[in-house]
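J.: Can you read through this structure? Questions will come right after.
The values are calculated or read from the model by the stated rules, or taken from the named source; none is laboratory data. Here the structure is a predicted model, which is why all the values come from computation and not from measurement. Neighbour counts run over all protein chains shown; Cβ positions are idealised from the backbone, glycine included.
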Amino acid sequence: MNDKQTTRRRLLITALAFSGAATTSMGTSFLGSAAAWAATPDDTENLAAMGRLAQLLFPHEGLADSVYGEVISEVLAMTVADPATEGLLVAAENALDAVHGEAWASLSESQQLSAMTALQDEAFFAGIREMVRFRLYYHPDVWMHIDYPGSSKEHGGYINRGFNDIAWLPEEN
Amino acid sequence: MAKQFELSDSSVVVVIGSGAGGGTLSNELARKGIDVVCLEAGPRLTLADVVNDPPTMDGKMGWHDKRIGNMVWVCKTVGGTTMRWSGVTPRIQDHEFKALSTYGQLDDNTTLIDWPLTLDELEPYYVKAEDKMGVSGTGDIPLSAETNNYKVMAAGAKQVGYKEFSSARMAINPVARAGRPGCQQISFCNSGCAIGAKWSTLYTEIPAAEITGHFELRTNSMAVKINHDNKGRVTGVVYADAEGTLHEQKARAVAVAGNVVETARVLLNSNSSMFPDGLANSSGQVGRNYMRHMFGVAFGLMPKPVNFHRGARQTGVIYDEQYHKPERGFAGGYEIQTIAVDPWNTSSITGGWGPENTVFTQNYTHLAGIFITGEDPPEAANRISLHPTERDGNGLPVPVIEYRDHANSAAMRDHSIKMTRAMYESLGATNFWGGDAPVGCHNMGVARMSTNPGDGVTNRWGQAHDIENLFVSDGSAFSTSAAGNPTLTIVALAIRQADHIAERMAQKSL
C-alpha cells in the first residue's frame, strides 16, 4: 500500500470507530469479516448500481449523480487496494440482489430501500457505508453543494470574515 | 542547538512522551538545571506542516499503531495530543478531589477513591499552568472572542436558565502573548494550530527546554521497556529508533507520560522476575480504573445560518451542571462546551444513513454544535492490558482497551442531551441530534495516585508506590476523572512533580 492508501485505510478505521459502527474492535472486526469476501473478483459492471447505493445512503437533493459515481469509483479503488476489502462491492450487490430475488438496481426506490434496511447490520454494509461517507464528504463538489468552503488558513482564518457575524439570536449582546 | 547525552549517562532523567505531561515536566526540570532526555515515539513537525484539513493531519500526527478494543484518539508526534486538543482548560473542583467521600461508592463495580491531594494544594500550580499556557480569562488575559457557535450556545443557556457560562478558559491566545500570535479563527483546531496561537508543547515547552542546555529530545524513539537493578530501582529505558534498532538510555529516574495506553503498556511490558506483573504493579492496579469521561455531542439544526466552521472549534464552557446534585439521578457533574466539526465528522457522529443522517450535512451552514464532558466513575474492569500473542511492528504486545459506560454515565448523558435539546429548541432548532461520542481523547486513571498503596500505583507526587525513582506524569495518575477536560490538571501536576523531583534530588534522596 502506498501512503495515501494507508491513510485512507486508517481513516476508514477511524470512521468506523468514531461513528460507533465498531464499538469493541476499532474496525478490525469489520476488516476481518470482509476478508471472507476477498475471493470474489472485482468487476466494474456493478458500479452504476453501487452509485445508486451511495446516493440512497446519503441523498443530497440537487447533487449531481456523477458525484456519487465518482465516489463509488474511489471506493472501488480503496477496496481493491486492500486484500481485506477486495471484492466488497460485488459481494454487496450480490447480497442486495438476493433480498428480493431480482436485480436490486432494477427495483423501485422503496424496494431498494427495504433491501438496504434488511442488510444494514451486515459488516459489509457498514464497510461500504463508511467508505462512501468518507469519500463523499471530502468531495469538493459536496463541499460546494453544502456551502462549506474548506481550509481557511490561506485566507487568514475567519477573524475578519464572519466568525462572529450571527445577528438573528434573541437578546443579542 | 540542543545538548546531546551519552546513552551510558546515568545522571539524566528520562521522560517518555513530549505532550502535556512529558513536555511540561521536561521543561520544568531542565529549567532547574536537571538533565533530561525525552523520548518521543513520533516525528517533529513544524507549523509549516500544519494544514487546515483534519484527515491529512490525522495521517501526519495521529497514533495508528495496532490496538484492540475501544478507540483512543491520541497523537504520535512531538507535542503529543497538545497538537490535536481543543484548548479547553477548566480546573477540577474541590469536591471532585474527594469523589469517594462526596458520592460514596456507587456499586460493587466502581472503585472510587479520594485524591491524595486537595484543590488548595494544587491551586498555586493551577495558577502557574494557566500563566504558562495563556488561558483566556485568567490573570490579565482577556476572554476569548465569542464565535457564532458560542453565541448560539450562550443564547440557549440563557433560555434554559443557566447562569455560569463565558468564553473564558481556553489555552488559545485571544491576543498575542509570550511570542505567540492571537487566534485568527482558522477553525478545526484539532488539525493542529497553523499559527501557534493554541498552546502546544511542540512550540512552547520543548524549545524552551532546549535553550537551557539541559535537555535532549529524541524523536521517532519508541519506549519498549524500563529496566531495573536488583534493588528494584529503575536504571534505564530501552527504546526503538526509527529503524527499529534498540538502544538503552541509562537513567537516574524515569517519568512515563505516554497518554495512558502507552503508559500502561510500557509498565506492563517491563515485567521481570522481580516484578512478574509489570513495574509498579504490586497492587495489580496498573492498567485498571481506566477512565475517559462521559462524552456527548449535540447538534442543533438552527432556523438561520450559524457557520460553526468559522472560528475556534471550542470557545467557552457552561458550568451550571458541573456540581454534584444527586437529585438529577447521577453522581458527579458535567460541562457543556461548544464544538465544530467538518462535514465528514458531522455525518460520522450522527451515524447511520438515509435522510435522517443527511439532513444535518445538507444544512451544514445552519448547524450549531455542543460537546459534553462529564465525570465517569472508575471501574477495575475498565482497563488497558497486553494481548497475550498479538505483536505490533516493534514487536511489542498490542494493547487491549476495554471500556464500558457505567449506568451513572448513561444517566448523566441522558440528562445532558435533554438539556442541550432544550437549549437549541428554545432558539427554534428544527432538527436535533444528541448522543454518545466514543472517541477516547480524555484518557485517565491507569496508574492512579492513591493514599493507600493497595488502591493505586502512585503516591501524591505521581511517584510509584513500589519504585521511588519511577514517576507517572500524564492523565494516568488521575485518581478520578472529575468532569472537565484533563490537560490543565496534567500540566499543573507536572509542574508540581518537577518541584518534588528537584527537591528530592537536592536532598540526595533520589
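J.: Collect the residues in the stretch B:10-66 that are polar (S, T, N, Q) and not in a loop (DSSP other than H, G, I, E, B), keeping them in residue-number order. Spell out the reasoning first.
T.: As a first pass, look at the stretch B:10-66 and keep what is polar (S, T, N, Q): B:10-11, B:18, B:24, B:26-27, B:46, B:52, B:56.
Within the stretch B:10-66, B:Thr24, B:Ser26, B:Asn27, B:Thr56 qualify.
J.: Run B:Tyr239 past the list (1) touching a helix residue (DSSP H, G or I) at 6+ places or on another chain (Cβ under 9 Å); (2) in contact (Cβ under 8 Å) with a residue 60 or more places away in the chain; (3) buried (at least 18 other Cβ atoms within 10 Å of the Cβ); (4) not in a helix (DSSP H, G or I) and report the number of the one that doesn't hold.
T.: (1)
The rows are residues; the columns are (1) buried (at least 17 other Cβ atoms within 10 Å of the Cβ); (2) in contact with a strand residue (DSSP E or B) (Cβ under 7 Å, 6 or more places away or on another chain); (3) of a type in the set (Phe, Trp, Tyr).
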| residue | (1), (2), (3) |
| --- | --- |
| B:Leu119 | no, no, no |
| B:Glu123 | no, no, no |
| B:Asp140 | no, no, no |
| B:Ser144 | yes, yes, no |
| B:Ala154 | yes, yes, no |
| B:Tyr162 | yes, yes, yes |
| B:Arg169 | yes, yes, no |
| B:Gly179 | no, no, no |
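J.: When you scan the stretch B:318-338, do you find a residue that is modelled with pLDDT of 95 or more, touching a helix residue (DSSP H, G or I) at 6+ places or on another chain (Cβ under 9 Å), within 14 Å of chain A (Cβ to nearest Cβ) and under 24 Å from B:Ser166 (Cα atoms), even just one?
T.: So the first thing to find is which residues in the stretch B:318-338 are modelled with pLDDT of 95 or more, and the list is B:318-338.
So of that shortlist, the ones also touching a helix residue (DSSP H, G or I) at 6+ places or on another chain (Cβ under 9 Å) come out as B:318, B:320-324, B:326, B:328-334, B:336-338.
With the extra rule that they be within 14 Å of chain A (Cβ to nearest Cβ), the set shrinks to B:338.
Then keep just the ones that are under 24 Å from B:Ser166 (Cα atoms); that gives B:338.
There is at least one residue in the stretch B:318-338 that is modelled with pLDDT of 95 or more, touching a helix residue (DSSP H, G or I) at 6+ places or on another chain (Cβ under 9 Å), within 14 Å of chain A (Cβ to nearest Cβ) and under 24 Å from B:Ser166 (Cα atoms).
J.: Let me ask something else about it. Please find, among B:Asn363, B:Asn345, B:Asn382, B:Asn408, the residue that is farther than 30 Å from B:Thr245 by Cβ and over 25 Å from the mean Cα position of the chain (by Cα). Working first, answer last.
T.: Numbers: B:Asn345 fails: over 25 Å from the mean Cα position of the chain (by Cα); B:Asn382 fails: over 25 Å from the mean Cα position of the chain (by Cα); B:Asn408 fails: over 25 Å from the mean Cα position of the chain (by Cα).
When all the criteria are applied, what remains is B:Asn363.
J.: Of everything in the stretch A:46-104 that's in a helix (DSSP H, G or I) and β-branched (Val, Ile, Thr), which residue is surrounded by the most Cβ atoms within 10 Å (Cβ to Cβ)? Quick ask: steps written out before the conclusion?
T.: To start, the set of residues in the stretch A:46-104 that are in a helix (DSSP H, G or I) comprises A:47-57, A:65-80, A:88-100, A:104.
Those left that are additionally β-branched (Val, Ile, Thr): A:67, A:71-72, A:75, A:79-80, A:90, A:99.
Numbers: A:Val67: 20, A:Val71: 27, A:Ile72: 26, A:Val75: 29, A:Thr79: 25, A:Val80: 14, A:Val90: 20, A:Val99: 17.
Per the stated criteria, the residue is A:Val75.
J.: Report, by residue number, each residue of the stretch A:105-125 that is modelled with pLDDT under 95 and either over 16 Å from the mean Cα position of the chain (by Cα) or surrounded by 16 or more Cβ atoms within 10 Å (Cβ to Cβ) (or both).
T.: Of everything in the stretch A:105-125, those that are modelled with pLDDT under 95 and either over 16 Å from the mean Cα position of the chain (by Cα) or surrounded by 16 or more Cβ atoms within 10 Å (Cβ to Cβ) (or both) turn out to be A:Ala105, A:Ser106, A:Ala123, A:Phe124, A:Phe125.
J.: Then there is this: Given the structure, is B:Phe330 more than 26 Å from the chain's Cα centre (by Cα), farther than 24 Å from B:Val135 by Cβ and of a type in the set (Phe, Trp, Tyr)?
T.: On the way: more than 26 Å from the chain's Cα centre (by Cα): no; farther than 24 Å from B:Val135 by Cβ: yes; of a type in the set (Phe, Trp, Tyr): yes.
Judged against the criteria, B:Phe330 is not a match.
Yes/no matrix, rows are residues, columns are (1) within 21 Å of B:Pro54 (Cα to Cα); (2) touching a residue at least 24 places away in the same chain (Cβ under 8 Å); (3) at the interface with another protein chain (Cβ under 10 Å from one of its Cβ atoms):
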site: A:Ala84; (1), (2), (3): no, yes, no
site: A:Ala92; (1), (2), (3): no, yes, no
site: A:Gly101; (1), (2), (3): no, no, no
site: A:Tyr138; (1), (2), (3): yes, no, yes
site: A:Pro149; (1), (2), (3): yes, no, yes
site: A:Phe163; (1), (2), (3): yes, no, yes
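J.: Among the residues that make up the stretch B:33-54, is at least one of them more than 14 Å from every other protein chain (Cβ to nearest Cβ), touching a strand residue (DSSP E or B) at 6+ places or on another chain (Cβ under 8 Å), touching a residue at least 24 places away in the same chain (Cβ under 8 Å) and basic (Lys, Arg)? It would help to see each step written out before you state the result.
T.: From the stretch B:33-54, those more than 14 Å from every other protein chain (Cβ to nearest Cβ) are B:33-42, B:44-46; that's our starting set.
Keeping just the survivors that are touching a strand residue (DSSP E or B) at 6+ places or on another chain (Cβ under 8 Å) gives B:34-42, B:44.
Those still in the list that are touching a residue at least 24 places away in the same chain (Cβ under 8 Å) too: B:34-42, B:44.
Add one more test, that the residue is basic (Lys, Arg), and what stays is B:44.
Within the stretch B:33-54, one or more residues are more than 14 Å from every other protein chain (Cβ to nearest Cβ), touching a strand residue (DSSP E or B) at 6+ places or on another chain (Cβ under 8 Å), touching a residue at least 24 places away in the same chain (Cβ under 8 Å) and basic (Lys, Arg).
J.: Go through the residues of the stretch B:214-221 one by one and say whether even a single one is of a type outside the set (Val, Ile, Thr) and modelled with pLDDT under 95.
T.: No: the stretch B:214-221 contains no residue that is of a type outside the set (Val, Ile, Thr) and modelled with pLDDT under 95.
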